[in-house]
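So the structure is just underneath, and the comments pick up after that.
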Amino acid sequence: MEQKRLRLEGKVAIVTGAGSSGPGTGTGKATSTLFAREGAKVLLVDRVARLAEETLATIREEGGEASVFEADVTQAEDCRAAVDAAVERYGSLHILMNNVGIVGPGGVVDVREEDWDRVLEVNLKSMMLTSKHAIPRMIEAGGGS
């Protein structure tokens with residue numbers, strides 16, 4: 001029987017929001033697990049480490065390689081530290097999955113400005129910050145996505 005080629009073998013990935021915030025399997029957990037199944041080494045980044053630990057357990061049960069990194073991706077230093085951790089633990093970085101996102105209360109007519117600012121910080125600023133630190137390391141590795 002022909003051996004299936006792992007599409008991400010030899011690749012290193014960071015997944016932000018790698019833990020599921022509710023019951024079941026969210027996007028971050030599912031993506032992390034799929035990346036590991038395809039051969040990637042995955043840094044599981046989450047603001048709540050215990051949530052990412054659940055994802056880690058799933059990956060390890062299937063024989064994959066991953067580790068947890070607790071970080072608030074709205075903070076530049078945490079984003080830099082997560083990228084550095086991926087490179088230190090696994091040697092390089094090829095993939096960044098920006099998965100963190102929240103929904104704010106209210107509609108455009110009644111939303112409070114501070115709630116709107118928090119949604120933008122989590123949903124947009126976090127992607128800029130993680131990308132800012134990850135892209136140079138992906139370029140060093142010969143490219144990434």
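The values are calculated or read from the model by the stated rules, or taken from the named source; none is laboratory data. Small disclaimer: the values here were computed from a predicted structure and weren't measured. When we count neighbours, we look across all protein chains shown, and the Cβ atoms used for this are built from the backbone with ideal geometry, even at glycine. Heads up: the accessible areas ignore ligands, DNA and RNA and are worked out on the full protein's heavy atoms, side chains in. Shrake-Rupley method; radii C 1.70, N 1.55, O 1.52, S 1.80 Å.
Return the pairs, sorted by first residue and then second, in which the second residue is surrounded by fewer than 18 Cβ atoms within 10 Å (Cβ to Cβ) and of a type in the set (Ser, Thr, Tyr), the first residue lies in segment 121-145 and is farther than 21 Å from GLY104 by Cβ, the beta carbons are less than 8 Å apart, and the residues are 6+ apart or on different chains. Listed by first residue and then by second, the contacts come to ARG137/SER92; MET138/SER145; GLU140/SER92; ALA141/SER92. Looking at THR31, THR16, just one residue is surrounded by fewer than 23 Cβ atoms within 10 Å (Cβ to Cβ) and polar (S, T, N, Q), and that residue is THR31. Scanning segment 74-95 for residues that are touching a His at 6+ places or on another chain (Cβ under 9 Å) and either in contact (Cβ under 8 Å) with a residue 60 or more places away in the chain or among the acidic types (Asp, Glu) (or both) yields ALA82, VAL83, ASP84.
Pairs are defined by a Cβ separation below 9 Å, a sequence spacing of at least 6 or placement on different chains, a first member in segment 20-44 that is in contact (Cβ under 8 Å) with a residue 60 or more places away in the chain, and a second member that is open to solvent by less than 50 Å² (accessible area, probe 1.4 Å) and charged (D, E, K, R); the pairs so defined are GLY28/ASP46. Based on this model, can you work out whether THR25 counts as over 23 Å from ARG7 (Cβ atoms) and out of contact with any strand residue (DSSP E or B) (no Cβ under 6 Å at 6 or more places or on another chain)? In short, no. Quick check, is ARG60 out of contact with any Leu (no Cβ under 9 Å at 6 or more places or on another chain) and without any contact (Cβ under 8 Å) to a residue 24 or more places away in the chain? Answer is yes for this residue.
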